[in-house]
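The values are calculated or read from the model by the stated rules, or taken from the named source; none is laboratory data. Just so it is clear, the structure is predicted and the values come from calculations on it, not from any experiment. Reconstructed Cβ throughout: ideal geometry from the backbone, glycine too, with neighbour counts over all protein chains shown. Protein only, heavy atoms only, side chains kept; ligands, DNA and RNA dropped before computing areas. Shrake-Rupley method; radii C 1.70, N 1.55, O 1.52, S 1.80 Å.
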Amino acid sequence: MTGETKEENDLFYTCGLIEYISRLTKNKKKTVVEKLGKDNIKKIYELAEVYHCENIEKVADEFIDIAQITNGGYDCTSNCKYRIPTYWEIAKVYKRLIVMVNGNSEMLVDTAIDVLSSWIIEKFDNYNSSMYYENPSYIYACYEEGKIL
């Protein structure tokens with residue numbers, strides 16, 4: 001048992017799929033979020049339990065087609081000198097931050113859109129830095145201040 005609520009687990013899957021699509025299409029998370037739009041992100045969140053049982057490549061391809069996400073030129077993995085975290089590892093970081101920003105289950109999709117479109121996400125994308133594995137409280141404080149502390 002992870003101690004997560006169903007909503008947090010659904011949010012985790014949603015974040016992981018967005019990260020996966022971002023890496024696959026070489027787009028920033030902000031671009032993927034904009035292209036998907038709130039309705040598709042809400043659908044992913046609401047059906048996360050079902051989508052989680054499917055192959056993530058298939059689900060990603062469906063949403064890439066639906067949202068007409070084209071390949072970009074943003075590659076956060078090619079210059080990494082160290083082990084690249086999996087999309088699930090990064091999804092856990094995103095999920096924790098989103099819940100800390102606003103854990104109200106009614107607001108998780110809106111908060112996810114705001115957080116995944118924010119400045120801090122590109123800081124996580126620099127896998128040569130320590131930002132993505134910093135203490136969650138520190139990450140939250142940086143997010144709230146709008147800068148690295």
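Here are the numbers for the structure shown:
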| read-out | value |
| --- | --- |
| Failed item in (1) polar (S, T, N, Q); (2) without any contact (Cβ under 8 Å) to a residue 24 or more places away in the chain; (3) open to solvent by less than 60 Å² (accessible area, probe 1.4 Å); (4) in a loop (DSSP other than H, G, I, E, B), with residue 27 passing the rest | (2) |
| Long-range neighbours under 6 Å by Cβ, at least six apart or interchain, first residue under 13 Å from residue 134 (Cα atoms) within the stretch 79-106, second at pLDDT 90 or above | 90/19; 94/15; 96/136; 97/115; 97/139 |
| Test: residue in the stretch 28-37 that is of a type in the set (A, V, I, L, M) and either over 25 Å from residue 105 (Cα atoms) or out of contact with any Leu (no Cβ under 9 Å at 6 or more places or on another chain) (or both) | yes |
| Residue 33 open to solvent by less than 80 Å² (accessible area, probe 1.4 Å), in a helix (DSSP H, G or I) and closer than 20 Å to residue 102 by Cα | yes |
